[in-house]
Amino acid sequence: MSELRRELGRKAFHMLALAYWAALWVLGWPRAGLWMAAWLAVVLAVETARLRIAAVERVLVRAFEGMVRETERRHFSGIVHTTAGCLAAMLIASGDLAITGAAIGQLAFGDAAAALAGKAFGRVKILGGRKSLEGSLAGLAAGYAAAAACGVRPAAALASALAASLVELLPTTPWFNDNLWIPVASAAVLNALR
């Protein structure tokens, strides 16, 4: 499986984060926060079982073949970070639909655009790493569009997209995952500019 194709599958899976925003829209605040906390507990239980029980790992890795990164084999996968980040964004925004939607949109669309454009077109590497200027600009544009589509004022949408893009530039490690920090940074900036 090509690197771009694998990344496309991972980022399509990231779009499921939009279900968290939909849950907030349908259930309202704070009920959606309670639902998200319970879901996070389930995700943590499943991921802990995957890390400790070989049979569970085999089943899950086979089910999500090509999407599990090698670094995620020994650490929590992106779903833990994504779920925790989206819940944190809801908490920071006190359930505000526009702020939460923009923060989750930064993750779903901005992060996806950065990764896919970077893999497909990235030539100018920045910060001495694997990230590219082309990917970062695509992520910035998609993040801005996502925030604007949620009704965020243009200046705040740009600030939110810049915060998310800066977080996305940082290298992912087992202890720092942009799936957690992109929605947190975005929601924090938008909450401060509210």
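The values are calculated or read from the model by the stated rules, or taken from the named source; none is laboratory data. Owing to the predicted nature of the structure, the values given are computational and were not obtained by experimental measurement. Cβ atoms come from the backbone with ideal geometry, glycine included; neighbour counts cover every protein chain shown.
The figures follow:
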quantity: Any hit, the stretch 180-193, residues being assigned to a helix (DSSP H, G or I), more than 13 Å from the chain's Cα centre (by Cα), within 20 Å of Arg6 (Cα to Cα) and not charged (D, E, K, R); calculated: no
quantity: Candidate set: the stretch 106-136, residues that are within 17 Å of the chain's Cα centre (by Cα) and free of Cβ contacts under 8 Å to residues at least 60 places away in the same chain; chosen: the one nearest to Ala23 (Cα to Cα); calculated: Phe109
quantity: Single condition Arg52 does not satisfy, out of (1) of a type in the set (Lys, Arg); (2) modelled with pLDDT under 85; (3) surrounded by fewer than 16 Cβ atoms within 10 Å (Cβ to Cβ); calculated: (2)
quantity: Cross-chain or 6+ apart pairs with Cβ under 7 Å, the stretch 74-91 first and free of Cβ contacts under 8 Å to residues at least 60 places away in the same chain and at negative phi, then crowded, with 22+ Cβ neighbours inside 10 Å and not basic (Lys, Arg); calculated: none
quantity: Residues of the stretch 163-172 that turn out to be in contact (Cβ under 8 Å) with a residue 24 or more places away in the chain and surrounded by fewer than 21 Cβ atoms within 10 Å (Cβ to Cβ), as a count; calculated: 3
quantity: Filter result for the condition that a residue is polar (S, T, N, Q), touching a Ser or Thr at 6+ places or on another chain (Cβ under 9 Å) and surrounded by 16 or more Cβ atoms within 10 Å (Cβ to Cβ), over Ser77, Ser136; calculated: Ser136
quantity: Filtered residues of the stretch 1-43 (kept if in a loop (DSSP other than H, G, I, E, B) and either within 15 Å of Ile104 (Cβ to Cβ) or within 15 Å of the chain's Cα centre (by Cα) (or both)); calculated: Trp29
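Conditions (1) at pLDDT below 95; (2) β-branched (Val, Ile, Thr), marked per residue:
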{"position": "Ile104", "(1), (2)": "no, yes"}
{"position": "Gly110", "(1), (2)": "no, no"}
{"position": "Leu116", "(1), (2)": "yes, no"}
{"position": "Phe121", "(1), (2)": "yes, no"}
{"position": "Leu127", "(1), (2)": "yes, no"}
{"position": "Ser136", "(1), (2)": "no, no"}
{"position": "Leu140", "(1), (2)": "no, no"}
{"position": "Gly143", "(1), (2)": "no, no"}
{"position": "Ala147", "(1), (2)": "no, no"}
